[in-house]
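Just below is one structure, and these are the notes that go with it.
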There are 2 protein chains.
Amino acid sequence: MIRTNNEPLRIVTATKADVPVILSLIRELAEYERLAHEVVATEEILEETLFGDRRYAEVLLAYLGDAPAGYALFFHSFSTFLGRPGIYLEDLYVKPQHRGCGIGTKLLGRLAKLASDRMCGRLEWAVLNWNEPSIGFYKSLGARPMNEWTVYRLTGDQIGRLGAAAQADKF
Amino acid sequence: MIRTNNEPLRIVTATKADVPVILSLIRELAEYERLAHEVVATEEILEETLFGDRRYAEVLLAYLGDAPAGYALFFHSFSTFLGRPGIYLEDLYVKPQHRGCGIGTKLLGRLAKLASDRMCGRLEWAVLNWNEPSIGFYKSLGARPMNEWTVYRLTGDQIGRLGAAAQADKF
């Protein structure tokens, strides 16, 4: 069993009451990724999108005693070749002072168990190319870099313009 | 309005009755990507995962008259920084004989409209790095390559091993 400062590690499925903790951990992760300026989520928004009528993602929280130590946020992807869902790990974060004692592995392990239970064929996540410590960790688990693929993204206004053009039958 | 051989283009939301068409288009796409050997999906599996109790993905079908011309299969992703869902386009495929007349753009446009309606902050998809025709098309829409990220993947046995280790508390 993992302990830090003699506190046992617990991994729990997050509930609505955990939203303030989740948002604070999201902000810490963004700072680590040098992307803090991109965080616009609020507690109200997360309550709606994570615990409202349609739940778009799920969260596992790691606690040491009563103190949050990290989290994993994930949603279901889908593989057409397998015909089955996968799990896409959007965020995996462990607080700096608790790294190196296996909490990240434990969170990933719980996700892998969940992926097995739900008949998922894939467990995937994206890593910033400069994040060598994480890359080493993922490779040690046997994860394969999908180097032959690049993700393309449309955001805000671009989506609006493309959608409006489609509706006006402008193509 | 797009027409090919004088047949008007229709884009429809797929239903369970479309599963044979969907599977046949998935197989064509896999052949184009030189990955046909990876397709293990069957009609039974797709009926369960796309139209069963839990629907893991949604499909838009493009028809020219009564003939299928292409499809888009997508699911909801989630951005923690935005606190909102996104749309992840897993497959976008147009039959070779119907390319170049705007069907792909039309499918993407419908998805963008849907992303706007559902308050999604992102519309994303992955492209094989050698697929120059598609890359040119996506860039023309303003899509940004997420070059600073690499996706890592665990599959089948690796997921099983990691999950079993987690359950046995072996970390």
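Summary of computed values
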read-out	value
Accessible area in the full protein assembly, largest first, 1.4 Å probe, for B:Glu28, A:Glu132	A:Glu132, B:Glu28
Amide H partners (placed H, <5 Å) of B:Glu90, local residues excluded	B:Leu73, B:Phe74, B:Phe75
Per residue accessible area of the range A:80-121, 1.4 Å probe, in Å²	35
Total accessible area lost when B and A pair, probe 1.4 Å, Å² to nearest 100	7400
Residue-by-residue Karplus 3J(HN,Hα) for the range B:57-62, coefficients 6.51, -1.76, 1.60, Hz, glycine and proline x	7, 10, 10, 9, 10, 9
DSSP loop trypsin sites (Lys or Arg not before Pro) with at most 16 other Cβ within 10 Å: longest gap in chain A	A:119-169
Sequence-distant residues sharing a close amide H with B:Ala69 (under 5 Å, placed H)	B:Ala62, B:Tyr63, B:Leu64
Nearest-20 debye value, the protein assembly as shown charge dipole, Cβ charges on Lys, Arg, Asp, Glu	300
Helix B:19-32 vs. chain B, principal-axis angle (Cα, 0 to 90°, nearest 10)	80
Count of Lys pairs (Cα-Cα under 21 Å; at least 8 positions apart or interchain) in chain B	4
Contact order relative to length of chain B, as percent, for alpha carbon pairs under 8 angstrom and 6 or more apart	17
Vicinal HN-Hα couplings computed from phi for the range A:115-131 (Karplus, 6.51 cos²θ - 1.76 cosθ + 1.60; Hz; Gly/Pro x)	5, 5, 4, 9, 6, 8, x, 9, 10, 10, 6, 10, 10, 5, 4, 8, 7
Copies compared at B:Met119 - label distances in nm, ascending, label defined 7 Å from Cα in the Cβ direction	3.2
Fraction of accessible area attributable to carbon and sulfur, chain B (%, probe 1.4 Å)	48
Average silhouette area of the range A:3-167, convex hull of alpha-carbon atoms, in square nanometres	11.9
Degrees, to the nearest 10: B:156-167 long Cα axis against longest axis of chain B	40
Teacher prompt: B:Thr13 distances to equivalent labels in other copies, 7 Å Cα→Cβ, nm	2.7
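The values are calculated or read from the model by the stated rules, or taken from the named source; none is laboratory data. The structure presented is a predicted model; accordingly, all values stated were derived computationally and were not measured. All Cβ positions, glycine included, derive from the backbone under ideal geometry; neighbour counts span all protein chains shown. Accessible surface is based on the protein model in full, side chains and every heavy atom, while ligands, DNA and RNA are left aside. Shrake-Rupley method; radii C 1.70, N 1.55, O 1.52, S 1.80 Å.
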